[in-house]
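Structure, as C-alpha cells:
The values are calculated or read from the model by the stated rules, or taken from the named source; none is laboratory data. Only a predicted model underlies this, so the values are computations on that prediction, with no experimental measurement involved. Methodologically, a virtual Cβ is constructed for each residue, glycine included, from the backbone with ideal geometry; neighbour enumeration extends over all protein chains shown.
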Amino acid sequence: MRRKKEKWVDDGRTIAPMTGEEIPQSGRAFFSGRERKRNLKNKGKSDVTRKEQHAMMRALFAVMLPRILVVLACFSLVALLMWLWLS
C-alpha cells in the first residue's frame with residue numbers, strides 16, 4: 001500500500017537570504033551597477049543600422065588588435081627565455 005504524498009506548502013522561511021549581504025564588500029562594487037534581468041519580449045529594435053554596426057565592429061577590432069599583439073609578444077618572449085634558460 002502506497003503512502004499518500006503530502007502537499008507541499010510554502011511557509012515563507014528563508015534558507016539563504018539573497019539580499020546582497022553575503023557578497024564581500026569588494027564584490028558589491030562590481031555588482032552594484034548591473035542591470036536587472038531584462039524582459040526579452042519588450043526588447044525593441046535598435047535604431048543602429050547595419051552599416052553602423054559594421055563600423056563599430058571594425059573600431060572594436062582596431063582598438064583590441066594592438067593589445068592582443070602585445071599580449072602574444074609577451075608570451076612569445078617568455079617562451080623564448082624559458083627555451084634559452086632550459087637548453
Residues of the stretch 62-87 being surrounded by fewer than 10 Cβ atoms within 10 Å (Cβ to Cβ) and over 30 Å from the mean Cα position of the chain (by Cα), in sequence order, are Trp83, Leu84, Trp85, Leu86, Ser87
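Mind counting the residues in the stretch 14-65 that are modelled with pLDDT under 90 and assigned to a helix (DSSP H, G or I)? Step through it out loud before you land on a result.
Within the stretch 14-65, the subset modelled with pLDDT under 90 is 14-48.
Okay, now just the ones that are also assigned to a helix (DSSP H, G or I), so 25-31, 40-42.
Qualifying residue count, the stretch 14-65: 10.
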